[in-house]
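The values are calculated or read from the model by the stated rules, or taken from the named source; none is laboratory data. On a predicted model such as this, the values are computed, not experimentally measured, just so you know. Cβ sites come from the backbone with ideal geometry, for glycine too, and all protein chains shown count toward neighbours. Side chains are part of the model used for accessible areas, which takes the heavy atoms of the whole protein and leaves out ligands, DNA and RNA. Shrake-Rupley method; radii C 1.70, N 1.55, O 1.52, S 1.80 Å.
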Amino acid sequence: MKGQSQTIESDVRTYFNLLSSQKIEEALDMVHPQLLAMLGKETFVAQYRQMFNTPGMSMSMDEFKINSISPVFNHSEHEYALVSYAFAMTFKVDLSNDKEGQLKSLLLSNYQKQFGKENVKFQQPDSYRIAIKREMFAVNAKDYSTWKVLDFEEGMKVIISTFIPEAVFTHFKK
């Protein structure tokens, strides 16, 4: 069991390093293939590129930390683990034309509503640092070369339940 946990940790860390380095295509190779198949890898690449390179704003993700990895649950020739993790997201915004500070305060308010007031900090002169806590499923099957990751949010459950069995959600109390 310890070996599986170390392999999961190693694969998830690789995924996080690829995201931090903005190596999107390589990071997406580690995402559950059925999620990618729903919209196509190219769509996900375009979404990430847009997030990282919006005119007047840049975004980065770093300080990834694995908080816990559950014991592996075997079901239907797949292995599943639940990974709790955290990271920091930074939005650097061009505030050069925001003489009155309206955009600055509007963005701060919006980010605080979206991510929780305690998770958002403004860093002078132009950055918003956001602490994020999330969960993901790590999934392994005999034809996978690595553990595949699948972010879990309650709002995504309907979509991912098309290829993640209900028994997995029940096992992990999701």
Among the chymotrypsin sites (Phe, Trp or Tyr not before Pro) within the stretch 111-152, which fall in a DSSP loop and have no more than 16 other Cβ atoms within 10 Å of their own Cβ? Tyr144
For the stretch 122-152 the trypsin sites (Lys or Arg not before Pro) that pass both the DSSP coil test and the at-most-13 other-Cβ-within-10 Å test are Lys142
Under a plain spin-label model, where a point goes 7 Å from the Cα along Cα-to-Cβ, how far apart in nm are Lys99 and Ser60? 3.1
What list of ³J(HN,Hα) values in whole Hz, one per residue of the stretch 138-152 in order, does the Karplus curve 6.51 cos²θ - 1.76 cosθ + 1.60 (θ = phi - 60°) give from phi, with Gly and Pro shown as x? 9, 10, 10, 9, 4, 9, 8, 7, 9, 5, 9, 9, 8, 4, 10
Heavy-atom accessible area per residue of the chain, all protein chains kept, 1.4 Å probe, expressed in Å², is 57
Fraction of beta bridges assigned by DSSP in the chain that are antiparallel (%, nearest 5): 95
Gap in Å between the Cα centre of the stretch 1-71 and the Cα centre of the stretch 93-147? 16
If I compute solvent accessible area with a 1.4 Å probe over the protein chains, what percent of it on the chain is carbon and sulfur? 52
Which one is right for this structure if Kirkwood radius over Cα pairs in Å is calculated from it: [x] 20.3; [y] 16.7; [z] 17.7? [z]
Which whole-Hz couplings ³J(HN,Hα) result when phi for each residue of the stretch 119-131 is put into the Karplus expression 6.51 cos²θ - 1.76 cosθ + 1.60, θ = phi - 60°, listed in order with x for Gly and Pro? 9, 10, 10, 8, 10, 4, x, 8, 10, 10, 10, 10, 8
